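Novice: Here's a structure for you.
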Amino acid sequence: MTPLVEQSLELYADQYGDPYDAVYAKLYAMDADYEGMFLLDTDEGLRRNMMRTTLEIITTYLTDPTAAANRIVGAQMSHVTYGVEDTFHQFFEITRDVIAQGLGDAFTPDHAAAWNLMLTDFEQAQV
Ligand code: HEM
């Protein structure tokens, strides 16, 4: 099922390139406080790294779910110091939503099911 996640990312990339701008626009729209958390990130380096890491974890999951889970647990722990705990997984959900909205009808129920299965695994990630 997971190749569908990869396919949706490829279709998105072909049409729009990097999801970075759309994902952060959605994050700030969800809660204006999120934008303030990155005030010191003047060159957007932290945010780009966060987006890159998110996509890397998804790609890793496709071949090595355990390695993906380990990276999620590590990132989740570092976010406790930023005051991000319960909401950590929202960033993965926003990424899914941006891909789904970008693809429109090309994002099928099977794509949605594959993403949802993966995101459920992410939420259950433990070392
Ligand atoms: C809504 C959920 C999230 C919020 C609000 C959030 C917020 C933040 C903030 C404020 C920082 C910068 C902290 C600093 O000043 O050093 C940060 C860094 C980071 N975040 Fe997130 N985060 C979220 C979810 C995620 C997720 C799901 C991942 C993927 C694993 C992730 C990966 C990273 C990485 C890798 C960094 C470090 C960037 C660097 O040091 O270059 N974040 N996050």
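Novice: Could you figure out which of (1) near the ligand (Cβ under 10 Å from one of its atoms); (2) surrounded by 15 or more Cβ atoms within 10 Å (Cβ to Cβ); (3) within 15 Å of the chain's Cα centre (by Cα) isn't true of residue 37?
Specialist: (3)
Novice: Only one of (1) without any contact (Cβ under 8 Å) to a residue 60 or more places away in the chain; (2) closer than 22 Å to residue 107 by Cβ; (3) basic (Lys, Arg) fails for residue 48. Which number is that?
Specialist: (2)
Novice: Every residue in the range 40-54 that is near the ligand (Cβ under 10 Å from one of its atoms) and either over 17 Å from residue 25 (Cα atoms) or among the β-branched types (Val, Ile, Thr) (or both), please. Steps first, please.
Specialist: Initial filter on the range 40-54 (near the ligand (Cβ under 10 Å from one of its atoms)): 40-41, 45-54.
Across the range 40-54, the qualifying residues are 40, 53, 54.
Novice: Does at least one position in the range 35-55 carry a residue that is more than 20 Å from residue 18 (Cα to Cα), outside any helix (DSSP H, G or I), hydrophobic (A, V, I, L, M, F, W, C) and in contact with a Gly (Cβ under 9 Å, 6 or more places away or on another chain)? Talk me through it step by step, then tell me what you get.
Specialist: Within the range 35-55, the first condition is being more than 20 Å from residue 18 (Cα to Cα), and the residues that meet it are 36-37, 39-40.
From what is left, the residues that are outside any helix (DSSP H, G or I) are 37, 39-40.
Those still in the list that are hydrophobic (A, V, I, L, M, F, W, C) too: 37, 39-40.
Now restrict to residues that are in contact with a Gly (Cβ under 9 Å, 6 or more places away or on another chain): 37.
So far as the range 35-55 goes, yes, one or more of its residues are more than 20 Å from residue 18 (Cα to Cα), outside any helix (DSSP H, G or I), hydrophobic (A, V, I, L, M, F, W, C) and in contact with a Gly (Cβ under 9 Å, 6 or more places away or on another chain).
Novice: Name every residue in the range 56-70 that is more than 8 Å from the ligand (Cβ to nearest atom) and either within 15 Å of residue 89 (Cβ to Cβ) or not in a helix (DSSP H, G or I) (or both), in order of residue number.
Specialist: Hits for the range 56-70 are 58, 61, 64, 68, 69.
Any read-out appearing in this document is the output of simple, stated calculations on the displayed coordinates, not a laboratory observation. These numbers come from a predicted model, not from an experiment. Virtual Cβ from ideal backbone geometry, glycine too; neighbours counted across all protein chains shown.
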